[in-house]
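The values are calculated or read from the model by the stated rules, or taken from the named source; none is laboratory data. Being a predicted model, the structure only gives us computed values, none of them experimental. For neighbour counting, all protein chains shown are included, and Cβ atoms are generated from backbone atoms with ideal geometry for every residue, glycine included.
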């Protein structure tokens with residue numbers, strides 16, 4: 001039977017669940033903690049599964065005031081985050097987890113209007129706290145991502161909180177609607193609202209590589225690539241994906257490196273050759289501070305207190 | 001006089017045979033020369049010089065300055081250039097600690113023990129490299145039969161000078177000009193100028209600035225011919241009436257006159273060239289303008305940097321021009337009012353400032369005219385209205401550019417001795433110099449005089465600054481007293497007195513702090529403050545920083561006695577090199593040259609990257625500095 005009503009086609013696999021439509025197909029891995037594949041118009045957008053991100057590469061001020069030492073648990077939590085439980089909702093109804101052999105009840109003709117996959121992470125901190133990431137896919141292929149951090153006041157302030165997507169190849173550039181330049185919560189008054197296009201994936205040229213490239217108050221972000229890793233694909237036709245706000249604006253950075261890669265370099269030239277695109281969609285950003293670089297804390301209103309819940313969402317759609 | 005290597009060890013010997021410090025006026029033979037900004041009284045000696053390097057004083061060539069010394073096997077070096085950039089000595093960046101930290105145990109002469117001169121501390125030091133320069137030159141034909149001096153605009157850190165084998169003198173104070181009279185020893189044909197530069201001397205204790213530690217001839221070298229009647233020093237004192245409407249101009253000069261019968265034509269014009277005053281007077285001891293009253297003058301400030309033109313032409317008795325001295329001056333009044341608010345022209349002064357080291361990633365503190373002009377454009381574009389010349393006098397063109405562009409200047413002395421009193425973050429002044437050590441007083445007062453005499457006519461300068469992070473004692477008090485004795489038209493600034501409050505009624509017109517938090521500033525200003533407050537350094541823009549600036553800007557509306565501050569700082573200090581792995585041009589910082597001990601990336605605090613591109617934080621500066629502009 002044809003999918004004439006444009007419902008989502010669902011594949012209840014053994015290792016994950018596939019969700020597809022006319023021009024998209026997504027696979028959510030059960031053991032790897034997130035979306036393993038996100039194909040839109042025949043092109044893959046995922047290099048590795050997106051994960052919650054808790055760490056920013058130490059800034060000079062973070063080093064000077066000891067913040068990285070205080071927050072060091074989040075470094076490990078960021079590096080090794082893994083989900084220990086997955087839930088699935090079909091048309092907003094939680095179903096019994098379709099593990100084998102329970103999934104033998106299904107066929108290759110399973111359809112729904114909406115599918116949600118919810119990953120539960122327990123942070124690798126002491127004590128641990130919960131992070132829940134849900135991906136809700138509708139028949140038009142739009143993926144709504146909702147992220148919830150459960151506060152625990154026994155934990156140190158967070159360096160950052162968001163979702164980190166690693167895309168298979170380096171973007172040729174990105175466009176966004178938000179503030180000009182690199183902005184942080186305590187350094188955004190000079191940012192001018194507008195629509196901006198950035199060529200390539202610039203890393204701010206700080207003498208020692210460090211967290212950079214954050215853009216606050218963003219309504220949407222479109223990332224454009226022109227290459228895939230498919231061996232037979234020699235095309236350089238640009239193709240794009242769009243992240244857009246779902247309610248509140250979000251913050252983001254779009255860089256060729258993870259926080260860990262930036263953290264390890266003492267000079268720009270030590271950073272690897274850019275090969276991928278690391279998109280961090282951020283629900284909470286810590287200020288950078290500036291009173292001095294040898295002890296003064298970031299002003300309190302620009303901290304991310306660990307004891308408070310953080311809740312944010314955004315949508316991903318084809319362009 | 002015979003030179004003595006032991007002068008390197010002696011804080012009481014810092015200038016020998018030098019001509020007195022004087023104003024930075026130029027003099028020309030014609031108006032054409034003025035218009036072309038080229039004086040035929042000046043012969044540049046920049047370019048290739050002969051050079052020999054010695055790793056320490058013991059290994060230097062002892063007779064290299066002799067008239068008959070065979071220097072054919074000397075190398076060549078570019079002048080101006082830091083010797084380190086010519087690959088003879090090594091790059092080294094360190095902040096507070098002295099560059100010999102962990103390698104040589106040193107204490108400043110007389111600091112711990114009044115009877116201990118620390119003999120041989122630098123003159124016999126294994127870490128004191130030497131640059132020996134020889135420049136052979138022919139005097140320009142129009143210099144014949146005139147008095148001729150040589151002028152070094154900047155040499156780090158101690159220099160001995162000879163001409164044709166005759167010793168001329170010795171200079172320290174690396175960042176102000178040193179001039180020596182060549183006249184007695186000039187000869188027809190080839191002349192030989194020999195300069196011996198030491199990286200260390202007692203000056204090193206006073207020049208512990210947080211920067212790459214360089215040495216050598218790093219600014220221009222010029223031969224300067226002197227007309228038969230010549231303005232050696234020009235002092236322009238424009239003052240304003242109490243209602244700020246009318247100006248009074250006083251001008252005086254110091255002259256060298258070899259030929260009588262000269263006449264001076266003095267004129268004053270407004271910015272449109274309209275002549276407001278003209279006078280002719282015989283040239284004797286001084287050319288003067290006394291209490292010239294100018295009604296309804298234009299005031300000088302950041303928005304309208306209105307400059308008047310003073311021109312003094314000296315003619316010989318036959319009416320031939322000997323020299324023309326043009327100088328632009330402005331009327332502005334800086335004062336602290338009865339409410340302890342810093343006022344400029346009757347309005348509260350708000351400093352939207354930056355600290356600026358001279359820096360070019362290709363040449364260190366050898367900065368080009370283009371660098372300076374680019375920096376001024378960056379200031380104007382981003383609402384920066386003030387600069388502190390941290391922590392030494394800059395190239396003199398910089399002050400002229402500030403005059404023209406209305407950039408308020410805190411003109412700082414070449415002084416920073418934080419390594420003598422800041423130990424692992426603690427205030428520990430046991431061997432502080434200059435402190436109150438009598439043997440160090442004359443040297444630092446001389447630095448104040450050099451700074452003042454050179455720059456006294458600049459409209460843009462509204463503060464003199466005694467130096468940076470040198471603690472406080474009788475010697476710095478003497479610097480303050482010097483400025484107060486010569487200049488009633490500007491304020492004197494010094495931050496270091498907050499570390500030693502015993503001197504706070506004697507040093508600094510303002511309460512100046514660095515890196516005080518907004519709450520600490522409120523605390524000072526809420527508790528019967530003695531002085532207006534400013535931040536000589538704040539918003540430490542190291543790497544990804546400059547967050548929270550709003551809390552400082554908010555103080556401006558709340559506290560009239562808060563005068564704003566100078567962001568630390570303008571440009572990252574890093575050096576461009578070719579990466580040894582990729583061959584790409586990359587920026588390197590302290591520790592990257594095996595230089596130890598080091599403070600590594602701590603010199604990367606600029607609003608600009610070292611390659612003179614703006615950091616992302618600049619838009620924030622532009623925004624907040626536009627709020628009270």
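Of everything in segment B:218-243, what is buried (at least 16 other Cβ atoms within 10 Å of the Cβ) and not in a strand (DSSP E or B)? Give them in sequence order.
B:218, B:219, B:220, B:227, B:228
Please determine, by comparing only the residues of segment A:266-313 that are without any contact (Cβ under 8 Å) to a residue 24 or more places away in the chain and part of a loop (DSSP other than H, G, I, E, B), which one is nearest to residue A:211 (Cα to Cα).
Across segment A:266-313, the extreme among qualifying residues is A:272.
Looking at segment B:509-519, is at least one residue modelled with pLDDT of 95 or more, in contact with a helix residue (DSSP H, G or I) (Cβ under 6 Å, 6 or more places away or on another chain), part of a helix (DSSP H, G or I) and away from chain A (no Cβ under 14 Å)?
no
Hey, can you tell me all the residues within segment B:573-589 that are facing another protein chain (nearest Cβ under 10 Å) and either crowded, with 19+ Cβ neighbours inside 10 Å or over 18 Å from residue A:270 (Cβ atoms) (or both)?
B:573, B:574, B:586, B:587, B:588, B:589
Could you tell me which numbered condition residue A:210 fails, if it satisfies all but one of (1) buried (at least 18 other Cβ atoms within 10 Å of the Cβ); (2) within 10 Å of chain B (Cβ to nearest Cβ); (3) over 28 Å from residue B:552 (Cβ atoms)?
Result: residue A:210 passes all but (3).
If you take just the strands (runs of 3 or more DSSP E) that sit entirely in segment B:42-95, which of them hold at least 1 residues that are over 27 Å from the mean Cα position of the chain (by Cα) and surrounded by fewer than 20 Cβ atoms within 10 Å (Cβ to Cβ)?
Qualifying strands (runs of 3 or more DSSP E): B:47-54, B:75-79.
Looking at segment A:182-202 only, could you name the residues that are within 12 Å of chain B (Cβ to nearest Cβ), crowded, with 19+ Cβ neighbours inside 10 Å, touching a residue at least 12 places away in the same chain (Cβ under 8 Å) and not in a strand (DSSP E or B)?
Residues satisfying the conditions are A:182, A:183, A:185, A:186, A:188, A:191.
Read through the list (1) within 24 Å of the chain's Cα centre (by Cα); (2) surrounded by 13 or more Cβ atoms within 10 Å (Cβ to Cβ); (3) over 29 Å from residue A:158 (Cα atoms), then give the number of the only condition that residue A:98 fails.
(1) is the only condition that residue A:98 fails.
Restricting the first residue to segment A:82-111 and requiring it to be in a loop (DSSP other than H, G, I, E, B), which pairs with a second residue that is surrounded by 10 or more Cβ atoms within 10 Å (Cβ to Cβ) meet a Cβ separation below 6 Å and a spacing of at least six or different chains?
Short answer, once both residue conditions are applied: A:82/A:33; A:91/A:112; A:91/A:113; A:91/A:114; A:95/A:88; A:98/A:12; A:100/A:14; A:106/A:12.
Looking only at segment A:45-78, count how many residues are buried (at least 16 other Cβ atoms within 10 Å of the Cβ) and farther than 20 Å from residue A:118 by Cβ.
20
Could you list all residues from segment A:262-302 that are surrounded by fewer than 19 Cβ atoms within 10 Å (Cβ to Cβ), under 15 Å from residue B:545 (Cα atoms) and either under 26 Å from the mean Cα position of the chain (by Cα) or more than 10 Å from chain B (Cβ to nearest Cβ) (or both)?
Passing the criteria: only A:302.
Regarding segment A:234-251, can at least one residue be identified that is assigned to a strand (DSSP E or B), at negative phi and free of Cβ contacts under 8 Å to residues at least 40 places away in the same chain?
No.
Any idea which of B:272, B:279 is on the phi < 0 side of the Ramachandran plot, in a loop (DSSP other than H, G, I, E, B), surrounded by fewer than 21 Cβ atoms within 10 Å (Cβ to Cβ) and without any contact (Cβ under 8 Å) to a residue 24 or more places away in the chain?
On the way: B:279 fails: in a loop (DSSP other than H, G, I, E, B).
Selected residue: B:272, the only one of B:272, B:279 that is on the phi < 0 side of the Ramachandran plot, in a loop (DSSP other than H, G, I, E, B), surrounded by fewer than 21 Cβ atoms within 10 Å (Cβ to Cβ) and without any contact (Cβ under 8 Å) to a residue 24 or more places away in the chain.
If a residue has to be outside any loop (DSSP other than H, G, I, E, B) and free of Cβ contacts under 8 Å to residues at least 60 places away in the same chain to count, how many in segment A:203-220 make the cut?
Going residue by residue through segment A:203-220, those that are outside any loop (DSSP other than H, G, I, E, B) are A:215-218, A:220.
From what's left, free of Cβ contacts under 8 Å to residues at least 60 places away in the same chain: A:215, A:217-218, A:220.
Residues in segment A:203-220 being outside any loop (DSSP other than H, G, I, E, B) and free of Cβ contacts under 8 Å to residues at least 60 places away in the same chain: 4 in total.
Yes or no: segment B:560-572 includes at least one residue that is buried (at least 24 other Cβ atoms within 10 Å of the Cβ) and more than 23 Å from residue B:492 (Cα to Cα).
yes
Of all residues in segment B:611-629 being more than 7 Å from chain A (Cβ to nearest Cβ) and touching a helix residue (DSSP H, G or I) at 6+ places or on another chain (Cβ under 9 Å), which is modelled with the lowest pLDDT?
B:628
Every residue in segment A:125-156 that is under 20 Å from residue A:280 (Cα atoms) and part of a loop (DSSP other than H, G, I, E, B), please.
A:142, A:150, listed by residue number.
Looking at the structure I just gave you, is residue B:171 more than 30 Å from residue B:417 (Cα to Cα), crowded, with 24+ Cβ neighbours inside 10 Å and at pLDDT 95 or above?
no
Any idea how many residues of segment B:491-508 are surrounded by fewer than 20 Cβ atoms within 10 Å (Cβ to Cβ) and part of a loop (DSSP other than H, G, I, E, B)?
Number satisfying all stated conditions: 4.
Can you tell me which residue within segment B:139-156, out of those that are out of contact with any strand residue (DSSP E or B) (no Cβ under 6 Å at 6 or more places or on another chain) and touching a residue at least 40 places away in the same chain (Cβ under 8 Å), is nearest to residue B:201 (Cα to Cα)?
Ranking the candidates gives B:156 first.
List the strands (runs of 3 or more DSSP E) inside segment B:337-417, counting only whole elements, that have at least 3 residues being buried (at least 24 other Cβ atoms within 10 Å of the Cβ) and either in contact with a strand residue (DSSP E or B) (Cβ under 6 Å, 6 or more places away or on another chain) or in contact (Cβ under 8 Å) with a residue 40 or more places away in the chain (or both).
Those strands (runs of 3 or more DSSP E) span B:351-355, B:386-388, B:408-412.
Test residue B:527 against the stated conditions and say whether it is surrounded by fewer than 19 Cβ atoms within 10 Å (Cβ to Cβ) and either in contact with a helix residue (DSSP H, G or I) (Cβ under 8 Å, 6 or more places away or on another chain) or at pLDDT 95 or above (or both).
The answer is yes for residue B:527.
Looking only at segment B:600-610, count how many residues are touching a strand residue (DSSP E or B) at 6+ places or on another chain (Cβ under 9 Å), farther than 11 Å from residue B:570 by Cα and at the interface with chain A (Cβ under 7 Å from one of its Cβ atoms).
Total satisfying the criteria: 0.
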